[in-house]
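Structure first, then comments.
The values are calculated or read from the model by the stated rules, or taken from the named source; none is laboratory data. Only a predicted model underlies this, so the values are computations on that prediction, with no experimental measurement involved. Note that each Cβ is placed from the backbone with ideal geometry, even for glycine, and that neighbours are counted across all protein chains shown.
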Amino acid sequence: MGEMVVGLYVFVLATLTGREVITKVPPTLHTPLMSGANAISGIAVVGALVVSAQVDSGLAQILGIAAIVMAMINVVGGFMVTDRMLEMFKKN
Amino acid sequence: MDVSLGAELAYLFSSVLFVVGLKRLQSPATARGGNRLAALAMLIAIVATLVDNQVLNWTGIAAGMVVGSLIGGLAARTVKMTDMPQLVGIFNGFGGGASALVAAAELVRVQSTNIDLGLGDGFTIAISCLIGTVTFSGSFVAFGKLQGVVSGNPITFPLQKTLSALLFLTILVLGTSMMGVFEIGALPALTVFSVFTAIALLLGVLLVIPIGGADMPVVISLLNSYSGLAASAAGFVIGNNVLIISGALVGAAGLILTMIMCKAMNRSLANVAFGAFGGETSSAAQIGSGDQTARSVDAEGAAMILAYAQSVVVVPGYGLAVAQAQHELRKAMDNLEERGVDVKYAIHPVAGRMPGHMNVLLAEADVPYDKLFDLDEINEDFGRTDVVLVVGANDVVNPEAHNPESVIAGMPILDVDKAKSVIIMKRSLSPGFAGIDNPLFYMGHSLMFFGDAKSSMTDLVREVREA
């Protein structure tokens, strides 16, 4: 239980940090913000790797690798498309 | 799962980079670097994980990473800017799906060791799987609606809410059972988990189908938030802080965007989620229009009015995205600027199908972002504007919003009717997504420029040159 409570502290403080940082993003950048944040949620790949590393066969491995594929689509696709968009934003 | 000190420090460094990266998104000048910083943070986290864990099977993991990267990279390179909402929608789904699968894999792994899940582990696995799965199936439905595979109108059927409520109740019962509080007959834990997941999939579909196409900016934002929360929950499952932190950041981002979108429509989140708003079913669709006539104008006439104006404000809407007319619009406005006309763009927060959709399209067409203005920044200027050119927008410029009786009463709108004249480029007089008539079209100083935005804009470019 102790670990979960610490996790909860981390979660709440990170949420507050996120709120402070993200409230100041201007509407012009809301789409890149969303796709960039989306790429960050691909951090689930770390979880997928941790679980997959511990098994070498069976259902757990299949699920773990499927998780890696999905998370990597999210990570690579998300960061690349955000970069493509932000490249277009320029001043007069 | 023990994480070594080295890996913990790497994760901490990643978390800091994620925050700094997001902070740099506060200005278009630093945003690109910020995104790259976040990508670097991700790379560090992945490398740290691979180094820290005794990997039993490299082939499977490497194959998964390569396949995922190729699919994601290809999608990111080939997508059209107009299709950005669908892409982000589907990426959200994959993120949520990945988190749910992490929970599932962990459950299977623990089961195979014959250790019972404790209360805490059962809880985190259930939550992670629930949020992740709902995000997954909900995102696919949202993708279908945006892509036009599924009807954009709200899809409702009798007892829909009752069904959703019952399913949710079942989820609660099964989830509690997964926490080891009680057993359901002699059902193996994996069976309970499978049923739990199947119901969560169904729940995701049911949550999104009753929501109409114009409310998609809210849905995409909300699913974005869920995908973050799912990652956080997966972090609790495997006891990993970098997941908890990154997921919380994304969860906050999605929630803030959701609230901004709701405010821009003057509707509560509950109303968006359960109101089945808009579409052909709306009963208010037949108001007025009977004996009113709208005046129309052709490309030549519109070009004359625009070319001899001093100030022009363009109001782009979803119609611009559908017609992919952003480049033609830019050309037409370039011609006006060469003639000395002052051109600005007014962007309503919910114009298009996701937050900031119009800004991305105009950026693609090389319109400098300092010519783009928010609702609050530009609304006072309309009284001093010669001509407003509305391109494929409707509800966001509907003066009915000031009528307390209207279904869109109180929605903040762009007050384009205050301008000296208004040219509305649109395919027909048909109502916008809210399903109500727009009195703006029948005002004395309004002119309808009928046609597809792209071909109309091409004609306009030619006529402005000759004007």
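Residue by residue through region B:68-119, note down the ones that are within 13 Å of A:VAL45 (Cα to Cα) and outside the structural domain of B:VAL150 (by TED's automatic domain parsing).
The answer is B:GLY68, B:SER69.
Being in contact (Cβ under 8 Å) with a residue 40 or more places away in the chain, part of a loop (DSSP other than H, G, I, E, B), touching a strand residue (DSSP E or B) at 6+ places or on another chain (Cβ under 8 Å) and within 14 Å of chain A (Cβ to nearest Cβ) is true for just one of B:LEU414, B:LEU362. Which residue is that?
After ruling out the rest, the residue left standing is B:LEU414.
Taking the residues in region B:38-94 that are facing another protein chain (nearest Cβ under 7 Å), within 19 Å of A:ASN38 (Cα to Cα) and among the polar types (S, T, N, Q) as candidates, determine which candidate is farthest from the chain's Cα centre (by Cα).
B:SER69
Conditions (1) surrounded by fewer than 18 Cβ atoms within 10 Å (Cβ to Cβ); (2) more than 9 Å from chain A (Cβ to nearest Cβ); (3) over 25 Å from B:PRO431 (Cβ atoms), marked per residue:
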position: B:ARG339; (1), (2), (3): yes, yes, yes
position: B:TYR345; (1), (2), (3): no, yes, no
position: B:MET354; (1), (2), (3): no, no, no
position: B:ASP370; (1), (2), (3): yes, no, yes
position: B:ASP376; (1), (2), (3): yes, yes, yes
position: B:ASP381; (1), (2), (3): yes, yes, yes
position: B:ARG384; (1), (2), (3): yes, yes, yes
position: B:VAL388; (1), (2), (3): no, yes, no
position: B:GLU405; (1), (2), (3): yes, yes, no
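Could you grab me the full set of residues in region B:304-332 that are over 29 Å from B:MET216 (Cα atoms) and either buried (at least 22 other Cβ atoms within 10 Å of the Cβ) or not hydroxyl-bearing (Ser, Thr, Tyr) (or both)?
The answer is B:MET304, B:ILE305, B:LEU306, B:ALA307, B:ALA309, B:GLN310, B:VAL312, B:LYS331, B:ALA332.
When you check A:VAL55 against the structure, is it within 25 Å of B:ASP2 (Cβ to Cβ), modelled with pLDDT under 95 and not in a loop (DSSP other than H, G, I, E, B), yes or no?
When the stated conditions are applied, A:VAL55 does not pass them.
Quickly run through region A:28-57 and pick out the residues that are of a type in the set (Gly, Ala, Ser) and either within 10 Å of the chain's Cα centre (by Cα) or facing another protein chain (nearest Cβ under 7 Å) (or both).
A:SER35, A:GLY36, A:ALA37, A:ALA39, A:SER41, A:GLY42, A:ALA44, A:GLY47, A:ALA48, A:SER52, A:ALA53
What number goes with the only condition from (1) over 30 Å from B:VAL322 (Cα atoms); (2) surrounded by fewer than 21 Cβ atoms within 10 Å (Cβ to Cβ) that B:ALA105 does not pass?
Failed condition: (2).
Residue-by-condition table, conditions (1) aromatic (Phe, Trp, Tyr); (2) more than 26 Å from A:LEU49 (Cβ to Cβ); (3) not in a helix (DSSP H, G or I):
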site	(1), (2), (3)
B:PHE136	yes, no, no
B:PRO210	no, yes, yes
B:ILE220	no, yes, no
B:SER225	no, no, no
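Mind checking whether some residue in region B:166-179 is in a helix (DSSP H, G or I), surrounded by 14 or more Cβ atoms within 10 Å (Cβ to Cβ) and of a type in the set (Gly, Ala, Ser)?
Yes.
Go over the candidates B:THR30, B:THR113 one by one and state the one that is more than 7 Å from chain A (Cβ to nearest Cβ) and farther than 27 Å from B:SER194 by Cβ.
B:THR30
Exactly one of (1) small (Gly, Ala, Ser); (2) surrounded by fewer than 17 Cβ atoms within 10 Å (Cβ to Cβ); (3) closer than 26 Å to B:PRO316 by Cβ is unmet by B:ALA62. Its number?
(3)
Sort out for me the helices (runs of 4 or more DSSP H) sitting completely within region B:1-116 that have 1 or more residues that are touching a residue at least 60 places away in the same chain (Cβ under 8 Å).
So the answer is B:5-23, B:28-52, B:84-112.
Give region B:405-423 a look and list any residue that's more than 25 Å from the chain's Cα centre (by Cα) and under 18 Å from B:ARG384 (Cα atoms), or say none.
Answer for region B:405-423, where residues must be more than 25 Å from the chain's Cα centre (by Cα) and under 18 Å from B:ARG384 (Cα atoms): B:VAL416, B:ASP417, B:LYS418, B:ALA419, B:LYS420, B:SER421, B:VAL422, B:ILE423.
So, in region B:180-191, of the ones that are surrounded by 13 or more Cβ atoms within 10 Å (Cβ to Cβ) and under 14 Å from B:GLY118 (Cβ atoms), which residue ends up modelled with the lowest pLDDT?
B:GLY180
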